[in-house]
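The values are calculated or read from the model by the stated rules, or taken from the named source; none is laboratory data. Here the structure is a predicted model, which means the values were calculated and not measured. Ideal geometry is used to build each Cβ from the backbone, glycine not excepted, and the neighbour counts take in all protein chains shown. For the accessible areas, the whole protein counts, side chains as well, though only heavy atoms, and no ligand, DNA or RNA atoms are used. Shrake-Rupley method; radii C 1.70, N 1.55, O 1.52, S 1.80 Å.
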Amino acid sequence: MPLISRHLVALSGAGVDEVVVVTGHARNAIEEQVRSYTVTLAHNEAHAQGQEGSVRVGLAALSGPFDAVFIVLADQPLIAAGDLTELIGAFKKRPAGHVVVPVVNGQRGNPILLDEAAHAQILASGTNLACRHLIERNPELVHVHQTSNTRFITDLDTVEDVQALAQRTGWRLELPALEAVR
């Protein structure tokens, strides 16, 4: 099952009402994978410049209103509905803050949740403010969700990460064919 499909199933299972899929690299392949889902597609033409632009494109494409917005990275294969529900619970119970960030043994993880104020602040700011910068520059806005759930820090950034996860889980993992850069 493609990673994007796993996430869409998890988001649906957690009760998420609206989903924006931001494409960049491998746009055509991803759009083909999500065609059967009810999602809004948004493309980040400047995807090679980093994740910040994709976050901004996705946030701008939301129709709202909403209680919270997940920022979900497609390279986290173990995230499931229960993990998202854990973060929703942390969001509802947070004593303060506009952003819920899972932290496992001192390591910041993903996905994160933003409230409407954080969403608006990112969109109203200059192009250099996205989730990571918002969190680092404004720690008073952050509610840290301490957890032992290592799914929040398991991602696939390198070929070695893919190979290690395949060995650990027994899954047969395949990388997508490279798409010509346009």
Here the residues of the stretch 52-77 lying in the modelled label zone of LYS92, meaning backbone nitrogen under 14 Å from a point 7 Å along Cα-to-Cβ, are 67-68
Heavy-atom accessible area per residue - the chain, 1.4 Å, Å²: 57
With the full set of protein chains in place, find how many percent of the accessible area of the stretch 1-133 is carbon and sulfur; take the probe as 1.4 Å. 50
Quick one: check the C-alpha center-to-center distance for the stretch 140-161 versus the stretch 22-95, whole angstrom. 16
Label model pair ASP17, ASN138: point-to-point distance (7 angstrom along the Cα→beta-carbon line) in nm is 2.3
Compute log10 of I(q)/I(0) for the stretch 64-164 with the Debye formula, placing one identical point scatterer on every Cα and leaving out solvent, at q = 0.11, 0.14, 0.23 Å⁻¹, to two decimals. -0.33, -0.54, -1.28
Protection proxy ranking of 8-17, 112-121 - average other beta-carbon atoms within 10 Å, highest first: 112-121, 8-17
Determine the order of GLU45, GLU136, GLU18 by accessible area, beginning with the largest, at a probe radius of 1.4 Å. GLU45, GLU136, GLU18
Can you give me the pair-distance distribution of the chain, C-alpha pairs, 5 Å bins, whole percents? 1, 8, 16, 20, 22, 18, 10, 4, 1, 0
